[in-house]
Each structure stands twice: as structure tokens, then as C-alpha cells.
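See below for the structure under consideration.
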Amino acid sequence: MRLFRLLRLFAQIKTTETMQLIENITRPTKDEQIAAMKSYDALANVLNELKDNNPEIEIEETREKIRIPLNALKLLAQILKETSNGRPVSIVPIATELTTQAAAELLGCSRPHVIKLLETGEMKYTKVGKHRRIRYEDVVNYKKQTKALQEKRIQQIMNSDEEAGLYDTSHSA
């Protein structure tokens, strides 16, 4: 297998600041999706056969051999899968701190709403001068908790409607 072709995607990842990565995410082009799909299939097959925790990979264009941690290759496989499905991907270190605007964009809400969440204690934050900073991990956890609560409430409404005879979940014909 030509696993080294997959490393071309690594060359496309720019080492810019984390905030720029979050703010400038773009959808993959059709050509990128096709290349990612082919690469994902090849990498997924190879990953199952690898025994070394740091396999050696050869970059086709330069013939350079490098060792890559197996977990990094598994992450690359996830990136390729998402890219092949047309989804934009960004890598953010867990300890990254976000501005209130970046947090709002990640949550899909307004910046004033994020500030309200911070001031009511629903999310932790720190202040750098006059500016609030929120850990990326805290934003993601808040988003997961909110989603779980929404799903729970929807289920409660459906159960209540079913008990009142307004909603029938039985599949009798």
C-alpha cells in the first residue's frame, strides 16, 4: 500500500495560531473529498495490520522516511473520513483558550449569550486584562451537556404527549 501518499495532507495543514484555525475553517473541495476518500480507505486497511506503535512511513516525493505515532495515524484517518464527507476539520489543542466570539461560533449562539453564560457561572472563564477567555474543553463540555439536556426534554415531551393520547408510538397497523 502507498501509505506515504497520505502524508500530503499533513503538508497542507498550516501552522497558524489556533484562533485563526477555528475562525477560518472552510469546507473541503470536491477534489479534496475524493482524495480523502481514497486515502481513508487505504489508511483504514493499513491501520488494522500495523503492529508497531510508531510505524515508519516513506514520503513518496522526497523518499524521506519518518516515524509517526500510531495514534497520530488514527487521528489522520478520522480527519480523512470527515473530509471525505465534506465536513470541515480543525485541530485544536485541548488546553486552548477561546475568545467569547470564538466560543459563540462554536456553540452556534451570540457573543452576548456566551457572556451571560459566563456571568451566571454556567461556564468557567478567566480574564486576561479586560478580555474573557474560555477553555476549549469547557465550551465542548457545555455543548455536550446542552445537547443531552435537549434530548432528555424532547423525550419527556414525547412521553407526556403519548400519555395524554396526543402521540402514538405503537406501530399497530
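The values are calculated or read from the model by the stated rules, or taken from the named source; none is laboratory data. These numbers were taken from a predicted model, which means no experiment stands behind them. Positions of Cβ are backbone-derived with ideal geometry, glycine not excepted, and every protein chain shown enters the neighbour counts.
When the residues of the stretch 18-40 are filtered to those that are at pLDDT 75 or above, of a type outside the set (S, T, N, Q) and not in a helix (DSSP H, G or I), the one that is surrounded by the fewest Cβ atoms within 10 Å (Cβ to Cβ) is R27. Taken over the stretch 117-137, the criterion of being in a helix (DSSP H, G or I) and either in contact (Cβ under 8 Å) with a residue 60 or more places away in the chain or touching a Ser or Thr at 6+ places or on another chain (Cβ under 9 Å) (or both) is satisfied by L118, Y136, E137. Just a yes or no: is a residue in the stretch 83-96 farther than 30 Å from N45 by Cβ and not in a helix (DSSP H, G or I)? Within the stretch 83-96, one or more residues are farther than 30 Å from N45 by Cβ and not in a helix (DSSP H, G or I). The residues in the stretch 156-173 that are in a helix (DSSP H, G or I) and at pLDDT below 70 can be counted, and the count is 0. The single condition among (1) in contact with a helix residue (DSSP H, G or I) (Cβ under 7 Å, 6 or more places away or on another chain); (2) surrounded by fewer than 10 Cβ atoms within 10 Å (Cβ to Cβ) that G165 does not satisfy is (1). V140 fulfils the conditions (1) surrounded by 12 or more Cβ atoms within 10 Å (Cβ to Cβ); (2) in a strand (DSSP E or B) except for a single criterion, (2). Residues in the stretch 92-113 that are surrounded by 11 or more Cβ atoms within 10 Å (Cβ to Cβ) and under 13 Å from the mean Cα position of the chain (by Cα): V92, L106, L107. State the number of residues belonging to the stretch 45-97 that are more than 30 Å from I134 (Cβ to Cβ), in contact with a strand residue (DSSP E or B) (Cβ under 9 Å, 6 or more places away or on another chain) and among the acidic types (D, E). The qualifying residues number 4. Being part of a helix (DSSP H, G or I), assigned by TED's automatic domain parsing to the domain that holds E32, exposed (fewer than 15 other Cβ atoms within 10 Å of the Cβ) and not aromatic (F, W, Y) is true of L75.
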